[in-house]
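Structure first, then comments.
The values are calculated or read from the model by the stated rules, or taken from the named source; none is laboratory data. Keep in mind the model is a prediction, meaning the values are calculated, not measured. As a convention, Cβ positions derive from the backbone with ideal geometry for all residues, glycine included, and neighbour counts pool all protein chains shown. Note: accessible area is taken over every heavy atom of the protein model, side chains too, but ligands, DNA and RNA are not part of it. Shrake-Rupley method; radii C 1.70, N 1.55, O 1.52, S 1.80 Å.
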Amino acid sequence: MIEILENLDLLSRPNLDLAGVEVNGIALGTQAATVPRQRIVGGLSSVIARYRSGTNIESEYYDADGRSLTLDEVIEDVVRSDGFLYGADKINHKVCAGAVVGFAIRGPTSVPLRTLGLVRGVPDGVRPA
């Protein structure tokens, strides 16, 4: 397994085999339930009808009936089905059918990517899940 965060130059390769990489210790294809809970600060799943979040405020989640959802409930729904897990380490994981199928690096963590010419405000490409 190749750790992307330790080998950022690999991201500039047009023929990178994503089946052989991991991001912060999480390999693509891994069951989302194995992402360490202490790393997760937010999530997005189909159970959420409304949410409130932002800088320096704790996220709030509500279902279609207006019932407040805990972060644990949101995470449980994501790891059983589809959605996104937002990491405290500025690394997000996309989940489909309970497996990690994609990732995004956001915020100050992404600064080294600019030096590789990978961050231009729009994605270089999209790979279907």
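Among residues of segment 18-35 that are more than 17 Å from Ala88 (Cα to Cα), those with a beta-carbon under 8 Å from a residue that is open to solvent by less than 10 Å² (accessible area, probe 1.4 Å) and not in a helix (DSSP H, G or I) at least six positions away or on a different chain give the pairs Ala27/Val21; Ala27/Val100; Leu28/Val21; Leu28/Val100; Gly29/Val100; Thr30/Val100; Gln31/Gly98; Gln31/Val100. Close contacts from segment 62-75, counting a first residue that is under 13 Å from Tyr86 (Cα atoms) and a second that is of a type in the set (A, V, I, L, M) and open to solvent by 70 Å² or more (accessible area, probe 1.4 Å), with Cβ to Cβ under 9 Å and a gap of 6+ residues or different chains, come to Leu71/Val41. Among the residues making up segment 57-91, those that are of a type in the set (Ser, Thr, Tyr), open to solvent by 30 Å² or more (accessible area, probe 1.4 Å) and in a strand (DSSP E or B) are Ser59, Tyr62, Ser68, Tyr86.
Annotation: Arg80 fulfils all but one of (1) at pLDDT 90 or above; (2) basic (Lys, Arg); (3) more than 18 Å from His93 (Cβ to Cβ); the unmet one is (3). Taking each residue of segment 81-98 that is free of Cβ contacts under 8 Å to residues at least 12 places away in the same chain and within 18 Å of Val21 (Cα to Cα) and looking for partners that are open to solvent by less than 20 Å² (accessible area, probe 1.4 Å) and outside any strand (DSSP E or B) with beta-carbon atoms closer than 9 Å, six or more apart or interchain, yields nothing. Can you give me the number of residues within segment 92-106 that are surrounded by 19 or more Cβ atoms within 10 Å (Cβ to Cβ) and within 19 Å of Ile48 (Cα to Cα)? The qualifying residues number 4. Give segment 4-49 a look and list any residue that's open to solvent by 20 Å² or more (accessible area, probe 1.4 Å) and assigned to a strand (DSSP E or B), or say none. Hits for segment 4-49 are Glu22, Gln31, Val41, Leu44.
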